[in-house]
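Novice: My questions will all concern the structure given below.
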Amino acid sequence: MSIFGIPIFPDQASTFAKDVDALYFFILAVCAFFALAVAVSVIYFGIRYHKTHDGEIGARIEGNLPLELLWSVIPTVIAMVMFGWGASVFYHLRRPPDEAMHIYAVGKQWMWKFQHLEGQREINELHIPAGRPIKITISSEDVLHSLYFPSFRTKMDAIPGRYTELWFEANTPGTYHIFCTEYCGTNHAGMIGSVIVLEPSQYQAWLQGGGLEGTLAQRGAKLFNDQACVTCHLDTGQGRGPSLKDIVGTTVALQDGSSVVVDEGYLRESILNSQAKIVKGFQPLMPTFQGLISEENLVALIEHVKSMSPKATTAAPAETSRTPSRGALQPTAPAGEKK
Amino acid sequence: MLDKLKIPEHHYLNNGHSLKSWLLTKDHKRIAIMYLMSISVMFFIGGLFGVGIRLELATPQGDFVSADTYNKFFTMHGVIMVFFFLIPSIPAVLGNFLIPPMIGAKDLAFPRINLISLYIYWIGGIFTLYAMIAGGVDTGWTFYTPYSATGSNTNVIPTAIGIFIAGFSSILTGLNFIVTIHRMRAPGMTWFRLPLFVWAHYATSLVQVLGTPVIAITIVMLAVERGFGFGIFDPARGGDPVLFQHLFWFYSHPAVYIMILPALGVQSELISTFSRKRIFGYSFVAFSSLAIAVFGFIVWAHHMFVAGISTYAAMVFSFLSFSVAIPSAVKTFNWSATLYKGAISFETPMLYAYGFMGLFAIGGLTGLFLATLGLDVHVHDTYFVVAHFHYIMVGGAIMGYLGGLHFWWPKMTGRMYSEFFSKVSAIMVFVGFNVTFFPQFVVGYLGMPRRYHSYPDEFQVLNVMSSAGATVLGLGYVLPVIYFLWSLKYGQVAGPNPWGASGLEWQMQSPPLTENFVETPIVNTEPYEYEHVVVKEKHLV
């Protein structure tokens, strides 16, 4: 939206946009009311009670307790409404629906790399279908970044060493901005791209065009062989490492007596810092892959492992890795940050 | 009548003319004057970087300076303005000068420590200026890891050391104020007779003393991380990059209140003096300062709603953040109510006070947008945030500082500045500020991220408005330098109480004696009593 050619309001291209904008206009109205009330009263008082002669002093008024309470309580109530409304929109923003289509994003100085499960890989461009919830799992190859879709009203930081996620449902086909909003060095302003929202049929056509290396899980399967994971992680359970068949979403017992739910965060940790959590009954033999595997290959491997658990098609992944009990303080990152 | 007034024969400015008499002084007023000169230099340097930013952003292409240079511009702008101008501004200049006389004391509790804090500030400043001359730093004033630890090839450590050192100056000043306010009050100067300026500084000092050590420790951690690869913030070594953000904002959010609380104190003095009326709801205004200082410590993670903290943590911090809004609103309503049935006049300081109310209201209200979770996700790290904190820090803190400087200038120097030019400057600052920063709310909601060297074409018109406004704002800041310097020699002699104000500081001669009061005053009236002031004024004239 624009006035005299000056844009004043961003496109609304996701199902969130209307919710967030409604909240925005509510707060704007409240703020405009209070700002105007204060402005009008101070200007009116300034004129009405202008000093008329030298030596004049103001009326002797100490204060007024009921008035003080009134203007403490009313803003408190209004603030609580804002809080509640904002929290409910936020909660919705943070809960991807189970059926969401999954895409991986990796932030790297200074580009965004996107990987579709079907195998397509894109840089600074993201093709998605309209009318379908989409969940993006985000990681970083080097420093902090933040994946921002202004027309969808959502963003999430990319944090080295862990997965974060965001979701949205685009509802208007078109091309919109992607920005990096966490300062990341020299070419931060160049870390921008476009998200291209297609009609579902167009999206299917687009999918047919690429995917030369097979799906993401197939690429992961190849890595699973190349990195010799397959020599220990036998499907039979007889190998030196635990079988990875049907484990995603299950709870496994660990050597130290605790247990862990197998999700993307745990798989990531087990590859990069393999000694951190040893499954009960196994020896700590696995070498660390810290610094030996890129973020992009890591997600391919994880997708492969997930494909070995067909029943658990959508384990709730990054949400759990975001809780402080796991993930946040765990050593799970690739080494090799830029020096 | 006024021209009969003469500058008194003896005062703190002519009590010794040698350089040594300044550099080794223990007089809080001379130290305040040296702070005034130092922070003015820093403001000028920080302002030049701001000019560089606005020049670059006048066009969408990054065509004025290179991306690396631009990144250094906004980093140095932030570092210098925050740590070397805003944090010391009102406390070290106006607080230093005025707290002792306002409570009827002859100096601060620890005059030598006061002088040491100035030297510490200078040493910190020299480190940071060295880092600037040696090539600058490009991490942003927030120094987020891992970029600041492993990504940046610029002078991170010298700059950080400069901030580390300057922090001690802030701690010592705060400590000095706390002890002074507790122990040095004149007979009869009870806690509830203290000017609200003193209450605001008391709250500020608590934050300085409790918060600043945290940034010091954080800087040490960053230095060992960068210098020796400790791995505190490096996930590959078992660290966490987000931990840095928690530590940084644990200080840096309260630091916002170090900047704004003293300005709120100045505001209370101005509103009362120029409406010749007792401040409405004195105790509410006093306690709201303390409430802001306390709540300020428990809201830090609202800077991190999209930094991977849990959904529930985000909700708790959002809830707590709204709690800061209440005392701020209470203050604004009380200032407005003070004007009711006052005897209001619009000398220059009052123009600043009115401007302050407008800008602080917008700055505070837009904070509500950012505290609201669902909305913050969209506007976080966009120009909306840049506009919001400039409304608070520039619109609030600098308006307060300038208003205070114009108010107490006759006390500090004994002379008046040009009424006409100072009003022109106040209006230019207000208008220029709004033209600069209001469009940034709009461009922020459109989605323009902060710290961008270049940007998509559709944001240009709003950015050009910003740059144009900055020109007016810049001129508005230069003007006072000229008429203040002019006033030192040619200004009309002010006399002890040119505004008919009620505080104890106005009972001293202008400029004051080195010892402030010949006899310790005895206080037997409530604060902001104008009846006896008027009588005295007539008697004097």
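Novice: Can you tell which of B:Leu485, B:Leu462 is part of a helix (DSSP H, G or I) and under 30 Å from B:Pro100 (Cβ atoms)?
Specialist: When all the criteria are applied, what remains is B:Leu485.
Novice: Still on this model: Out of the residues in region A:199-221 that are at pLDDT below 90 and either charged (D, E, K, R) or assigned to a loop (DSSP other than H, G, I, E, B) (or both), state the one that is farthest from A:Leu285 (Cα to Cα).
Specialist: This residue is A:Gly210.
Novice: Also: Pick from region B:116-145 the residues that are more than 30 Å from B:Phe233 (Cβ to Cβ) and out of contact with any helix residue (DSSP H, G or I) (no Cβ under 6 Å at 6 or more places or on another chain): which of them is farthest from the other protein chains (Cβ to nearest Cβ)?
Specialist: Restricting attention to region B:116-145, the residues satisfying the condition of being more than 30 Å from B:Phe233 (Cβ to Cβ) are B:116-119, B:122.
Remaining after also requiring out of contact with any helix residue (DSSP H, G or I) (no Cβ under 6 Å at 6 or more places or on another chain): B:116, B:119, B:122.
Working: B:Ile116: 36, B:Tyr119: 34, B:Trp122: 30 Å.
That would be B:Ile116.
Novice: In region B:379-412, which residue that is under 17 Å from B:Val443 (Cβ atoms) and aromatic (Phe, Trp, Tyr) is surrounded by the fewest Cβ atoms within 10 Å (Cβ to Cβ)?
Specialist: Among those that are under 17 Å from B:Val443 (Cβ atoms) and aromatic (Phe, Trp, Tyr), it is B:Phe389.
Novice: Could you grab me the full set of residues in region B:296-348 that are of a type in the set (D, E, K, R) and more than 9 Å from every other protein chain (Cβ to nearest Cβ)?
Specialist: B:Lys331, B:Glu347, listed by residue number.
Novice: Return yes or no: is B:Ala426 within 14 Å of another protein chain (Cβ to nearest Cβ), more than 30 Å from B:Val306 (Cβ to Cβ) and not aromatic (Phe, Trp, Tyr)?
Specialist: The answer is no for B:Ala426.
Novice: Here is a follow-up. Tally the residues that are in a helix (DSSP H, G or I), among the charged types (D, E, K, R) and under 26 Å from A:Gln275 (Cα atoms), restricting the search to region B:231-280. Lay out the reasoning, then the answer.
Specialist: Within region B:231-280, the subset in a helix (DSSP H, G or I) is B:235-237, B:241-275.
Restricting the remaining residues to those that are among the charged types (D, E, K, R) gives B:237, B:269.
Okay, now just the ones that are also under 26 Å from A:Gln275 (Cα atoms), so B:237.
Summing the residues that are in a helix (DSSP H, G or I), among the charged types (D, E, K, R) and under 26 Å from A:Gln275 (Cα atoms) in region B:231-280 gives 1.
Novice: On the given criteria, is B:Gly374 free of Cβ contacts under 8 Å to residues at least 12 places away in the same chain, in contact with a Phe, Trp or Tyr (Cβ under 8 Å, 6 or more places away or on another chain) and either at the interface with chain A (Cβ under 7 Å from one of its Cβ atoms) or not in a helix (DSSP H, G or I) (or both)?
Specialist: yes
Novice: Filter region A:235-291 for residues that are away from every other protein chain (no Cβ under 14 Å) and of a type in the set (Phe, Trp, Tyr); which is surrounded by the fewest Cβ atoms within 10 Å (Cβ to Cβ)?
Specialist: Once the filter is applied, the top-ranked residue is A:Phe282.
Novice: Would you say A:Val20 is within 9 Å of another protein chain (Cβ to nearest Cβ), modelled with pLDDT of 95 or more and either over 26 Å from B:Leu359 (Cβ atoms) or surrounded by fewer than 17 Cβ atoms within 10 Å (Cβ to Cβ) (or both)?
Specialist: Details: within 9 Å of another protein chain (Cβ to nearest Cβ): yes; modelled with pLDDT of 95 or more: yes; either over 26 Å from B:Leu359 (Cβ atoms) or surrounded by fewer than 17 Cβ atoms within 10 Å (Cβ to Cβ) (or both): yes.
So A:Val20 passes the test.
Novice: Being modelled with pLDDT of 95 or more, closer than 22 Å to A:Ala300 by Cα and either not in a helix (DSSP H, G or I) or not acidic (Asp, Glu) (or both) is true for just one of A:Leu234, A:Leu244, A:Leu166. Which residue is that?
Specialist: Sole residue among the options that is modelled with pLDDT of 95 or more, closer than 22 Å to A:Ala300 by Cα and either not in a helix (DSSP H, G or I) or not acidic (Asp, Glu) (or both): A:Leu166.
Novice: I would also like to ask the following. Given the criterion touching a strand residue (DSSP E or B) at 6+ places or on another chain (Cβ under 9 Å) and assigned to a helix (DSSP H, G or I), identify the matching residue among B:Lys72, B:Lys29, B:Lys6, B:Lys20.
Specialist: Sole residue among the options that is touching a strand residue (DSSP E or B) at 6+ places or on another chain (Cβ under 9 Å) and assigned to a helix (DSSP H, G or I): B:Lys29.
Novice: Would you check which residues across region A:137-159 are of a type outside the set (Gly, Ala, Ser), farther than 17 Å from A:Leu198 by Cα and part of a strand (DSSP E or B) and list them? Walk me through how you get there before you give the answer.
Specialist: Narrowing region A:137-159 to residues of a type outside the set (Gly, Ala, Ser): A:137-138, A:141-145, A:147-150, A:152-157, A:159.
Pick out the ones that are also farther than 17 Å from A:Leu198 by Cα and you get A:137-138, A:141-145, A:147-148, A:150, A:153-157, A:159.
Within region A:137-159, A:Thr137, A:Ile138, A:His145, A:Leu147, A:Tyr148, A:Thr154, A:Lys155, A:Met156, A:Asp157 qualify.
Novice: Right, something else. Give region B:225-247 a look and list any residue that's more than 12 Å from chain A (Cβ to nearest Cβ) and at pLDDT 95 or above, or say none.
Specialist: B:Leu247 - this is the single residue of region B:225-247 that is more than 12 Å from chain A (Cβ to nearest Cβ) and at pLDDT 95 or above.
Novice: Taking B:Phe433, is it free of Cβ contacts under 8 Å to residues at least 40 places away in the same chain and either surrounded by 22 or more Cβ atoms within 10 Å (Cβ to Cβ) or away from chain A (no Cβ under 12 Å) (or both)?
Specialist: Numbers: free of Cβ contacts under 8 Å to residues at least 40 places away in the same chain: no; either surrounded by 22 or more Cβ atoms within 10 Å (Cβ to Cβ) or away from chain A (no Cβ under 12 Å) (or both): yes.
No; evaluated as a whole, the condition is false for this residue.
Novice: Going by the conditions given, is B:Leu94 at negative phi and not in a helix (DSSP H, G or I)?
Specialist: On the way: at negative phi: yes; not in a helix (DSSP H, G or I): no.
When the stated conditions are applied, B:Leu94 does not pass them.
Novice: (1) over 28 Å from A:Ser307 (Cβ atoms); (2) touching a strand residue (DSSP E or B) at 6+ places or on another chain (Cβ under 6 Å); (3) part of a strand (DSSP E or B): which one isn't true of A:Glu182, the others all being true?
Specialist: The failed condition is (3).
Novice: Let me ask something else about it. Which pairs have Cβ atoms under 6 Å, sit 6 or more apart or on different chains, and link a residue in region A:175-198 that is at the interface with chain B (Cβ under 7 Å from one of its Cβ atoms) and over 17 Å from A:Phe152 (Cβ atoms) to one that is β-branched (Val, Ile, Thr) and in a loop (DSSP other than H, G, I, E, B)?
Specialist: Filtered contacts from region A:175-198: A:Cys184/A:Val143.
Novice: Continuing with this model, one more query. Looking at this structure, is A:Lys155 more than 8 Å from chain B (Cβ to nearest Cβ), basic (Lys, Arg) and under 17 Å from the mean Cα position of the chain (by Cα)?
Specialist: The answer is no for A:Lys155.
Novice: Among the residues of region B:349-361, which ones are touching a residue at least 40 places away in the same chain (Cβ under 8 Å), facing chain A (nearest Cβ under 9 Å) and within 12 Å of B:Gly395 (Cβ to Cβ)?
Specialist: Correct list: B:Met357, B:Gly358.
Novice: Also, quick follow-up: Which condition number in (1) more than 18 Å from B:Glu56 (Cβ to Cβ); (2) in contact with a strand residue (DSSP E or B) (Cβ under 8 Å, 6 or more places away or on another chain) is the one that B:Lys423 fails?
Specialist: Unmet for B:Lys423, out of (1) more than 18 Å from B:Glu56 (Cβ to Cβ); (2) in contact with a strand residue (DSSP E or B) (Cβ under 8 Å, 6 or more places away or on another chain): (2).
The values are calculated or read from the model by the stated rules, or taken from the named source; none is laboratory data. A quick note: this is a predicted structure, and the numbers were derived from the prediction, not measured. Cβ sites come from the backbone with ideal geometry, for glycine too, and all protein chains shown count toward neighbours.
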